[in-house]
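In what follows, a single structure is set out as structure tokens and then discussed.
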Amino acid sequence: VNIALWLLDFKHYREIYKFDRYDAIILTIVAFVTFLSDPVYGVLTGVSLSLLRYLKHSTEQCPYLTLFRQGKFVEKTKLTKYLPHQKDGDLLVIKFTGEISFLSVSTIQESIEKIHIRPVIVFAFSNVAHIDLDGVETLEHLLHHLDNEGIEYHFSGLSRYLKEQLAKTHCYHLLIKKDRVHYATADAIELLMKKEL
């Protein structure tokens, strides 16, 4: 009972509620479960609900891209918003952020499969902290799809860690042979803009 009441520190609860209602609901459920049964079950309930929320958020995330057309910057937009306005020869810079996992790559793949033209794509990895096995395998599926569609793609901003992980894949070695792995995204954009001209 003391733990459940301590969880419902009303001043702190009001701050949580103002910041994020879903967190406040989770806190209420945790306090209720703790009060009725045991603090361990309360914590397990809270962790489970938070993980479900994280998974839902991850699957709903829409990747952003930077669009260049005819050698000029056009806009930064969501990948899904770009699809109705796609044109041949567009240069798309798609940034991965945080962690590359099955969820993050499959979200991008679903959108890219709707591209019916042949843009050039630069995948920017400078903001990536981690990649797991599912992420590597899903990324390989995405790259195979691009190869089958005849879409040119480049990698940029790979950390030493990412190079070590991706070096275990066949696709990465092919990219190196084709000279499509760049130190920085700006280098890749500059090189591809010169090709257009």
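The values are calculated or read from the model by the stated rules, or taken from the named source; none is laboratory data. What you see is a predicted model, and the numbers here were worked out from it, not measured in a lab. Positions of Cβ are generated from backbone atoms using ideal geometry, with glycine treated the same way; all protein chains shown enter the neighbour counts. Accessible surface is based on the protein model in full, side chains and every heavy atom, while ligands, DNA and RNA are left aside. Shrake-Rupley method; radii C 1.70, N 1.55, O 1.52, S 1.80 Å.
Compared with the dominant principal axis of the Cα atoms in the chain, helix 39-60 is inclined by about 30°.
List the relative contact order of the chain as a percent without decimals, with contacts defined as Cα pairs under 8 Å and 6+ residues apart. With pairs under 8 Å counted, the relative contact order is 14 percent. Under the convention that each Lys and Arg Cβ holds +1 and each Asp and Glu Cβ holds -1, the size of the dipole of region 58-130 around its Cα centre is about 320 debye. Under 5 Å between amide hydrogens, built in the peptide plane, is the criterion, and for Asp90 it picks out Val120 among residues at least 5 positions away or on other chains. What is region 50-142 by shape, rounded, prolate or oblate, if you read a ≥ b ≥ c off the alpha carbon gyration tensor as root eigenvalues and call it rounded for a/c under 1.5, prolate for a/b larger than b/c, and oblate otherwise? Verdict is prolate for region 50-142. Where (i) 1, 7, 13, 16, 14, 11, 8, 7, 7, 7, 5, 3, 1, 0, 0; (ii) 1, 8, 14, 17, 16, 16, 13, 8, 4, 2, 1, 0, 0; (iii) 1, 8, 17, 22, 22, 16, 9, 4, 1, 0, 0 are the candidate values, the label of the one calculated here for P(r) over Cα pairs in 5 Å bins from 0, in percent is (i). Seen through its C-alpha gyration tensor, with square-root eigenvalues sorted a ≥ b ≥ c, region 153-197 comes out oblate because a/c lies at 1.5 or above while a/b is not bigger than b/c.
Compared with the dominant Cα axis of the chain, that is its longest principal axis, helix 185-196 is turned about 30°.
The amide H of Val74, built 1.01 Å from its N in the peptide plane, has Leu67, Phe68, Arg69 as neighbours under 5 Å, considering only residues 5 or more places off or on other chains. Per-residue 3J(HN,Hα) values for region 129-139, derived from phi via the Karplus relation 6.51 cos²θ - 1.76 cosθ + 1.60 with θ = phi - 60°, read 9, 8, 9, 9, 4, 4, x, 5, 5, 5, 4 Hz in sequence order (x marks Gly and Pro). Looking at region 134-183, the trypsin sites (Lys or Arg not before Pro) that sit in a DSSP loop and have at most 12 other Cβ atoms within 10 Å of their own Cβ are Lys168, Lys178. Among residues other than Glu149 with Cβ under 12 Å from its Cβ, the summed charge is -1 (Lys and Arg +1, Asp and Glu -1).
Within the accessible surface of region 93-153, defined with a 1.4 Å probe on protein heavy atoms only, the carbon and sulfur portion equals 46 percent. Ligands, DNA and RNA are left out, and with a 1.4 angstrom probe the accessible area of the chain is 62 Å² per residue. Of the beta bridges in region 13-133, as assigned by DSSP with both residues counted there, near 55 percent are antiparallel. Listed values for region 104-117 are Karplus-derived 3J(HN,Hα) couplings in whole Hz (6.51 cos²θ - 1.76 cosθ + 1.60, θ = phi - 60°), namely 5, 6, 5, 5, 5, 4, 4, 6, 5, 5, 8, 7, 10, 10, and x replaces Gly and Pro.
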